[in-house]
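To start, the structure under review is shown below, and the notes come after it.
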Amino acid sequence: MSSYARSPASPARPVGDAGDFNSDIRLSVEQVSYAYSANPTQAPLFTLEATSFQARPGEIVAIVGPNACGKSTLLKLIAGALQPLSGRVLLNGFVTHALPHRTRRQRIAMVQQESPLLFPSRAWEFVLQGRHPYGRTLRFESAEDILVARNALAQVGAEHLTDRLMDQISGGEKQRVILARALAQQPLLLLLDEPTLHLDIGAQVDLLETLRRLASANRYTVVVVTHELNLAGQYADQVALFQKGKCLRVGPPASVFQRELLEQVFQTQLTVELGSSGRPRVHMQSAK
């Protein structure tokens with residue numbers, strides 16, 4: 001297995017790879033499928049059809065599509081929380097669902113739609129929860145743990161929130177601290193499920209700008225589930241478009257965001273424009 005060198009200020013870096021895995025690829029989703037059934041004797045209630053894509057260090061992949069199309073299921077498969085019905089998910093050449101639980105949590109950080117506060121805590125204490133995969137507890141945090149937590153807050157521009165109570169900060173600020181907790185795990189792969197769901201447009205843009213900067217500077221591989229087509233078009237390197245459990249297309253935003261395809265998926269009339277940067281903008285046509 002690969003050995004990993006860690007430092008308080010930066011994510012883990014692999015120094016070796018398994019088998020014939022392409023070291024330029026960090027994440028490989030290979031013909032992955034899944035099915036939900038009420039019981040084994042009944043037909044599946046939902047099926048995620050075979051899906052494939054790859055992502056490199058520093059890349060952002062956006063998974064987009066209507067509700068109940070399989071986006072969150074795919075994210076759980078990538079995280080190793082679910083075992084695929086067929087195919088496999090590889091992180092640096094290792095099957096994610098087969099990794100030991102502690103190892104998986106060190107290499108993969110998940111930011112859920114909701115992060116409930118179980119007890120009152122200050123921002124730096126909340127971020128320290130990201131150190132749990134390393135065998136520490138909040139009661140016995142080390143100097144290294146505290147340094148990692150403070151560096152994580154700095155990476156997301158939330159140093160000024162260090163001593164603020166989590167239930168007394170804004171939604172955008174809270175989302176930054178939640179992201180910092182994920183960074184404190186020092187992961188290779190960062191997964192986010194609808195991170196902009198309850199944020200205003202300014203906070204949404206701010207969060208995606210932060211993800212873009214972190215991916216580029218620290219070479220995180222980021223996979224984000226989102227309904228925000230224009231944010232995906234602006235900040236993602238690749239987009240995977242889903243409809244009813246099927247991945248219709250994967251590629252750069254401009255190649256995926258084609259008007260006819262998006263209208264088919266979202267069942268509404270749209271226009272798609274390319275900006276000077278080559279990034280697409282999607283608009284809903286106004287009723288005549």
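The numbers here are math on the coordinates, done by the rules we state, and not lab data. Since this is a predicted model, take the numbers as computed values, not measurements. Note that we place each Cβ from the backbone using ideal geometry, even for glycine, and neighbour counts take in every protein chain shown.
Some values worked out for this structure:
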| read-out | value |
| --- | --- |
| The range 203-260: proportion of alpha-carbon pairs further apart than 19 angstrom, % | 31 percent |
| Tail fraction, Cα-Cα pairs, the range 176-288, threshold 20 Å, whole percent | 45 percent |
| Beta bridge orientation in the chain: antiparallel %, DSSP, nearest 5 | 60 percent |
| Rh by Kirkwood over Cα pairs, then Stokes-Einstein D for the chain at 1.306 mPa s and 10 °C, µm²/s | 80 µm²/s |
| Cα-centre dipole for the range 62-191 with unit charges at Cβ (Lys and Arg positive, Asp and Glu negative), debye to 20 | 440 debye |
| Where labels lie 7 Å past Cα in the beta-carbon direction, separation of Ser216 and Gln269 in nm | 3.8 nm |
| Extension gain (nm, one decimal) between Ser52 and Asn67, 0.36 nm per residue minus Cα-Cα | 3.4 nm |
| Extreme residue, positive dipole direction of the range 130-288, given options Met166, Val250, His132 (C-beta unit charges) | Val250 |
| Net dipole in debye of the chain [+1 Lys, Arg Cβ; -1 Asp, Glu Cβ; about Cα centre; nearest 20] | 400 debye |
| Relative intensity, log₁₀ I(q)/I(0), of the range 151-203 from a Debye sum that treats every alpha carbon as a point, q = 0.20, 0.25 Å⁻¹ | -0.73, -1.07 |
| The chain, relative contact order in percent, only Cα pairs under 8 angstrom and at least six apart counted | 23 percent |
| Signed unit charges on C-beta, dipole axis of the range 40-170, positive-most listed residue Gln113, Val156, Val89 | Val89 |
| Net lengthening on full extension, Gln42/Val95 (0.36 nm per residue, minus Cα-Cα) | 16.2 nm |
| Theoretical gain in end-to-end length, Gln285 to His160 [0.36 nm per residue, Cα-Cα removed] | 40.8 nm |
